[in-house]
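K.L.:
Dumping the structure here so I can ask a few things about it.
The values are calculated or read from the model by the stated rules, or taken from the named source; none is laboratory data. Just so it is clear, the structure is predicted and the values come from calculations on it, not from any experiment. Please note: Cβ atoms are built from the backbone with ideal geometry, for glycine as well, and neighbour counts cover all protein chains shown. Side chains are part of the model used for accessible areas, which takes the heavy atoms of the whole protein and leaves out ligands, DNA and RNA. Shrake-Rupley method; radii C 1.70, N 1.55, O 1.52, S 1.80 Å.
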Amino acid sequence: AMALSGVRVVELAGLAPAPLCGMILADFGARVVRVDRAPRSAVSTDVQGRGKRSLALDLKQPAGAAALRRLCCAADVLIEPFRHGVMEKLGLGPDVLLQENPRLIYARLTGFGQTGKYAKSAGHDINYLALSGVLSKMGRKDENPYAPLNLLADFAGGGVMCALGIITALYERTTSGKGQIIDASMVEGVAYISSFLWKSQNLGLWNRPRGENMLDSGAPFYETYKTSDGKFMAVGAIEPQFYEQLIKGLGLDSDKLPNQLSFSDWPKMKKKFAAIFAQKTQAEWCNIFDGTDACVTPVLSFDDVASHQHNKQRRSFIKNDQEEISPRPAPLLSRTPAVPSCNRDPFIGEHTEEVLLEYGFTKEEIAKLYSDKAIEFGKPKSNL
């Protein structure tokens with residue numbers, strides 16, 4: 001049995017963060033039902049549907065909303081990704097659902113949270129990152145702040161932090177027997193995972209303008225460098241003993257170089273390091289630095305990462321039944337590890353009948369929902 005075996009999760013279909021949250025729970029054993037919108041669009045936008053089943057439901061119809069209420073009566077967790085007020089308009093707010101199922105964990109995953117000036121405003125990762133203060137720290141010298149894809153707010157501050165909140169609430173429920181509401185704001189989530197930036201203000205790490213500090217691309221020993229074959233190496237030789245090994249691997253003499261922390265010499269040292277790294281291929285640099293503590297590693301492409309020796313030895317990447325490669329769930333538990341599904345992601349509405357039967361609906365009730373256009377089936381032919 002996996003760690004979350006027996007946990008029933010209802011995930012309302014959304015973009016990016018909520019699907020990751022649901023996939024994390026599914027990977028560790030929860031039975032996740034993704035409630036897709038009906039009438040359905042041609043293609044599902046959820047590329048993180050691993051291990052989930054899909055039920056297509058029209059929540060704007062009273063019969064559809066009532067069906068979701070019944071699902072939530074038997075569920076442990078609801079993941080809800082809409083802007084503040086949407087669920088209340090549908091008669092599906094936490095005051096209603098928690099009254100009917102006091103053990104329900106009602107997780108509300110939004111960009112700006114359930115209260116505040118922006119609670120009803122639209123936004124995306126870059127907006128949440130901006131409002132958290134974190135975006136102001138990102139980017140190179142003399143350039144605009146730069147958002148690293150949509151990884152930080154959507155997925156780290158959103159999906160992962162919401163999953164942590166759900167697990168925490170499930171654990172607390174084992175003693176209280178009560179569910180609760182989780183207000184997961186991506187602004188606050190990404191700010192929280194960036195606590196080190198806040199708590200290290202007095203260490204001198206961020207005294208210089210953006211792009212001139214040790215960890216934000218200012219330092220020559222914390223940077224990426226292009227190799228002769230057009231690939232890259234990542235350097236993170238912060239500690240003096242590691243920096244010494246970097247210098248040795250580059251064929252330089254530290255006695256003839258400026259002090260490692262001489263800020264004024266950093267731009268010149270970057271150019272020197274860049275010129276040296278450009279003389280060899282990535283593979284040649286790996287031969288030099290692998291097995292040392294110079295903190296120098298290859299920047300692997302998606303095409304190369306699964307075949308790298310370290311990742312192969314740890315089986316860090318997996319294939320599904322369609323030969324698609326993706327990361328193995330993390331972290332690795334010794335006794336109840338995640339066993340992710342190898343099946344393809346579900347079609348919208350593929351499991352509508354199966355899920356409703358499992359949650360106590362009769363065949364007659366399902367047929368009525370179908371005739372009322374409150375539900376849809378993902379397969380052209382239904383046995384109804």
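K.L.:
Looking at 269, 234, 306, which one has the Cα that reaches farthest to the positive end of the dipole of region 208-328 (charges on Cβ: Lys, Arg +1; Asp, Glu -1)?
P.N.:
Of 269, 234, 306, it is 269.
K.L.:
Provide the per-residue ³J(HN,Hα) series for region 234-250, in order, calculated from phi with Karplus coefficients 6.51, -1.76, 1.60 and θ = phi - 60°, each as a whole number of Hz, with x at glycine and proline positions.
P.N.:
9, 10, x, 8, 7, 5, x, 5, 6, 4, 4, 6, 4, 4, 4, x, 7
K.L.:
Ordering 247, 126, 276 from largest to smallest accessible area (1.4 angstrom probe), what's the sequence?
P.N.:
My answer, sorted largest first, is 126, 276, 247.
K.L.:
What is the dipole size for region 222-314, taken about its Cα centre, with +1 at each Lys and Arg Cβ and -1 at each Asp and Glu Cβ, in debye to the nearest 20?
P.N.:
240
K.L.:
Is the C-alpha gyration tensor of region 26-122 telling us rounded, prolate or oblate? Criteria: a/c under 1.5 is rounded; beyond that, a/b larger than b/c is prolate, otherwise oblate.
P.N.:
Rounded, since a/c falls under 1.5.
K.L.:
For region 177-192, in order, what is each residue's ³J(HN,Hα) by Karplus, 6.51 cos²θ - 1.76 cosθ + 1.60 with θ = phi - 60°, in whole Hz (x at glycine and Pro)?
P.N.:
Karplus values, whole Hz, x for Gly and Pro: x, 10, x, 6, 9, 10, 9, 9, 9, 5, 4, 6, x, 6, 5, 5.
K.L.:
Right, next: For helix 161-176, report the angle its Cα long axis makes with the longest principal axis of the Cα atoms of the chain; keep it between 0 and 90° and round to the nearest 10°.
P.N.:
With both axes taken from Cα atoms, the answer is about 60 degrees.
K.L.:
May I ask for the angle, rounded to the nearest 10°, between helix 17-27 and the longest principal axis of the chain, with both axes built from Cα atoms and the value confined to 0 to 90°?
P.N.:
Rounded to the nearest ten degrees, it is 80.
K.L.:
Taking the dipole about the Cα centre of the chain, with the C-beta of Lys and Arg at +1 and of Asp and Glu at -1, give me whichever of 360, 24, 126 is farthest to the positive side.
P.N.:
After comparing all options, I get 360.
K.L.:
What size of dipole, in debye to the nearest 20, comes out for the chain about its Cα centre when the only charges are +1 on Lys and Arg C-beta atoms and -1 on Asp and Glu C-beta atoms?
P.N.:
Here the size comes out at about 280 debye.
K.L.:
For region 303-312, in order, what is each residue's ³J(HN,Hα) by Karplus, 6.51 cos²θ - 1.76 cosθ + 1.60 with θ = phi - 60°, in whole Hz (x at glycine and Pro)?
P.N.:
Once θ is set to phi - 60°, the couplings for region 303-312 become 6, 9, 5, 6, 9, 5, 4, 4, 5, 5 Hz.
K.L.:
Shape call for region 274-384 from the C-alpha gyration tensor, a ≥ b ≥ c root eigenvalues: rounded (a/c under 1.5), prolate (a/b greater than b/c) or oblate?
P.N.:
The shape class here is prolate.
K.L.:
Next up: Distance between the C-alpha centers of region 17-88 and region 119-157? Whole Å please.
P.N.:
For region 17-88 versus region 119-157, the Cα centre distance is 27 Å.
K.L.:
Tally up the carbon and sulfur contribution to the accessible surface of the chain as a whole percent, 1.4 Å probe, everything protein left in place. Don't skip to the answer; put the middle values down first.
P.N.:
Working: 11330 of 20590 Å².
C and S fraction of accessible area: 55 percent.
K.L.:
Going by accessible area, probe 1.4 Å, with all protein chains left in place, what is the ranking of 300, 369, largest first?
P.N.:
Details: 300 60, 369 15 Å².
From most exposed to least exposed: 300, 369.
K.L.:
Taking H placed 1.01 Å from N in the peptide plane, check which residues at least 5 places from residue 182 or on another chain put their amide H under 5 Å from its amide H.
P.N.:
106, 107, 108
K.L.:
Cα to Cα, under 22 Å, and not fewer than 8 places away if on the same chain: which lysines meet these conditions relative to residue 312?
P.N.:
Cross-link targets: 231.
K.L.:
Net charge within 11 Å of residue 96 by Cβ-Cβ distance, Lys/Arg positive one each and Asp/Glu negative one each, not counting residue 96 itself?
P.N.:
That works out to -2.
K.L.:
Residue 256: which lysines have alpha carbons under 22 Å from its alpha carbon, excluding same-chain residues fewer than 8 sequence positions away?
P.N.:
Partners found: 248, 268, 270, 271, 272.
K.L.:
Turning to a different aspect of this structure: Helix-only mean residue ellipticity at 222 nm, the chain, DSSP H runs n ≥ 4 weighted -39,500 (n - 2.57), per residue, nearest 500. What is it? Walk me through the intermediate numbers first.
P.N.:
Details: 15 runs with 127 residues, N = 384.
Theoretical 222 nm ellipticity from helices: -9000 deg cm²/dmol.
K.L.:
Continuing with the same structure: Listed highest first by mean packing, meaning other Cβ atoms within 10 Å per residue, what order do 75-85, 334-344, 93-103 come in?
P.N.:
In decreasing order of mean packing, 75-85, 334-344, 93-103 become 75-85, 93-103, 334-344.
K.L.:
Moving to a separate point now. Counting C-alpha atoms alone, how compact is the chain: give Rg to one decimal and Dmax as a whole number, in angstrom.
P.N.:
Just the Cα atoms of the chain yield Rg and Dmax of 25.1, 84 Å.
K.L.:
Given a 1.4 Å probe and heavy atoms of the protein chains only, how would you sort 308, 351, largest accessible area at the top?
P.N.:
308, 351
K.L.:
Solvent-accessible area per residue for the chain at a 1.4 Å probe radius, Å²? Write down the numbers at each step before the final one.
P.N.:
On the way: 20590 Å² over 384 residues.
For the chain, the solvent-accessible area averages 54 Å² per residue.
K.L.:
Identify, among 65, 377, 330, the residue whose Cα sits farthest towards the positive end of the charge dipole of the chain, taking +1 on the Cβ of Lys and Arg and -1 on the Cβ of Asp and Glu, with the dipole about the Cα centre.
P.N.:
Going by the charge dipole, the pick is 65.
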